[in-house]
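The block underneath contains the structure these notes are about, expressed in structure tokens.
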Amino acid sequence: MEQELPLVLNITIALTIAVIGGVVASTLKQSPILGYLLAGVIIGPFTPGFVGDHEQITALADVGVIFLMFALGVAFSIKDLVRFRNVAVFGVIIQVSLTMLGAWAIGLATGWSQL
């Protein structure tokens, strides 16, 4: 029977690993966000090692994604978005089209039905 760790301990372990990941990424001249993401992979439920309460970790991950999206939204200015609108619109159209085409091709190759 697995023992569940209290919420405070889960948060402490997650933040400690995230800070270590951020410092390592900064040392390697990378964005600390890369270190935070790798820390999330390390302590996630799909890797061996530390396993906290899955529901608590999932809830914390959702809150982390919200904070990340907020931080990225604050970093962008409307002027920059307007300036790059053509690149963004056409880039999204091309990316979605290529992704759909690739998924369709993989589906055909693996024998999935064409609904």
Taking the Cα centre of the chain as origin and charging only Cβ (+1 Lys, Arg; -1 Asp, Glu), how large is the dipole, in debye to the nearest 20?
740
Calculate how steeply helix 7-27 sits against the longest principal axis of the alpha-carbon atoms of the chain, using the helix alpha-carbon long axis, and give the answer as 0 to 90 degrees to the nearest 10.
60
Relative contact order for the chain, counting Cα pairs under 8 Å that sit 6 or more residues apart, in percent:
16
Over the chain: Rg over Rh, Cα atoms, Kirkwood Rh
1.11
Loop-located chymotrypsin sites (Phe, Trp or Tyr not before Pro) in the range 12-73 whose Cβ has at most 11 other Cβ within 10 Å (DSSP)
46
Using only the alpha-carbon atoms, how far is helix 85-110 inclined from the longest principal axis of the chain? Give it as 0 to 90 degrees, nearest 10.
90
Do the sum for the chain: with -39,500 (n - 2.57) for every DSSP H run of n ≥ 4, divided by all residues, what is the mean residue ellipticity at 222 nm, to the nearest 500 deg cm²/dmol?
-25500 deg cm²/dmol
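Since every read-out is calculated from the coordinates, none of them should be taken as a lab result. All figures in this text were calculated on a predicted structure; none of them were measured in a lab. Note that each Cβ is placed from the backbone with ideal geometry, even for glycine, and that neighbours are counted across all protein chains shown.
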